[in-house]
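Structure record follows, encoded as structure tokens.
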Amino acid sequence: MNPDDKSFFLDAMEDVQPLKRCADIHWQPSRNTRAREEVDNEQLDNFLTLDFLDLLPLEEPLAFRREGVQQGVIDKLRSGKYARQASLNLLRQPAERCRQMLFSFIRQAGRDGLRNLIIIHGKGREQNSHPNVVRSYLARWLTEFEEVQAFCVALPHHGGSGACYVSLRKSDEAKQENWERHAKRSR
């Protein structure tokens, strides 16, 4: 603080009186006493919606295949021959929570370079039951991810119609590693 600032401060404070009895002072509590909610930045990018939905009939199995995916890959996925690298359990969760969990799960699996997943969604006995609603949303949501190559109903010992196998696209690193491995063989 330079001398001019100090003199201005002292001039401004010359008529201030110290408080005599501090016990008589009662401070008002802070108005915003709620705990701040943490914002999940990943969910800000969540493009999955809970819009109007046509429920899938219970007899219709979950199945999807992107153009260019070979039939042999689908057959191996359907027969459970790929090792499951991660699983997600959506049982007894509200649809909004399922949406958030699925988005985080697929994104994390992509970052970790995982390819084969299983998602347990449950199966309802009635058309409008909650598990069938989640199942119908899941069928829509999985197709909205570019990373998802294919999905199909799981085998009975993995959950049957209450679960599905999901195959993700190879990461760029895995493609490069695969290319290098095959390039060494061809020399």
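The values are calculated or read from the model by the stated rules, or taken from the named source; none is laboratory data. Because the structure is predicted, anything quoted here is derived from the model rather than measured. Note that we place each Cβ from the backbone using ideal geometry, even for glycine, and neighbour counts take in every protein chain shown. For the accessible areas, the whole protein counts, side chains as well, though only heavy atoms, and no ligand, DNA or RNA atoms are used. Shrake-Rupley method; radii C 1.70, N 1.55, O 1.52, S 1.80 Å.
A few points about this structure:
- Rounded to the nearest 20, the Cβ-based charge dipole of region 39-127 about its Cα centre (Lys and Arg +1, Asp and Glu -1) stands at 520 debye.
- Förster-model FRET efficiency, 35 Å R0, Glu180 and Arg111, C-beta, rounded to 0.05: 0.95
- Taking every protein chain into account, the 1.4 Å probe leaves Ser136 with about 0 Å² of accessible area, to the nearest ten.
- Per residue accessible area in Å² of the chain, where ligands, DNA and RNA are left out and the probe is 1.4 Å: 73 Å²
- Reciprocal mean inverse distance between Cα atoms of the chain - Kirkwood radius, Å: 20.9 Å
- Size descriptors for region 45-135, from the alpha-carbon set: Rg then Dmax equal 14.4, 37 Å.
- For region 91-187, the share of alpha carbon pairs falling in successive 5 Å distance bins from zero is 2, 12, 20, 20, 17, 10, 7, 5, 3, 2, 1, 0 percent.
- In this structure Tyr137 has an accessible area near 20 Å², from a 1.4 Å probe over the protein heavy atoms.
- Number of Lys-Lys pairs in the chain with C-alpha atoms under 21 Å apart and a separation of 8 or more places or on different chains: 6.
- Only the Cβ atoms of Lys and Arg (+1) and of Asp and Glu (-1) were treated as charged; on that basis the dipole of region 112-187 about its Cα centre amounts to roughly 360 debye.
- Once you reduce region 42-93 and region 126-187 to the center of their Cα atoms, the two points are 6 Å from each other.
- Accessible area per residue was computed with a 1.4 Å probe on protein heavy atoms; Leu114 scores about 40 Å².
- Prolate/oblate/rounded call for region 127-178, Cα gyration tensor, a/c under 1.5 rounded: oblate
- Helix-derived mean residue ellipticity, 222 nm - over the chain, DSSP H n ≥ 4, -39500 (n - 2.57), to 500: -11500 deg cm²/dmol
- Antiparallel DSSP beta bridges within the chain, as percent of all bridges there, nearest 5: 75 percent
- GNM result for the chain, Cα springs below 10 Å: residue of Gln85, Gln93, Gln176 fluctuating most strongly: Gln176
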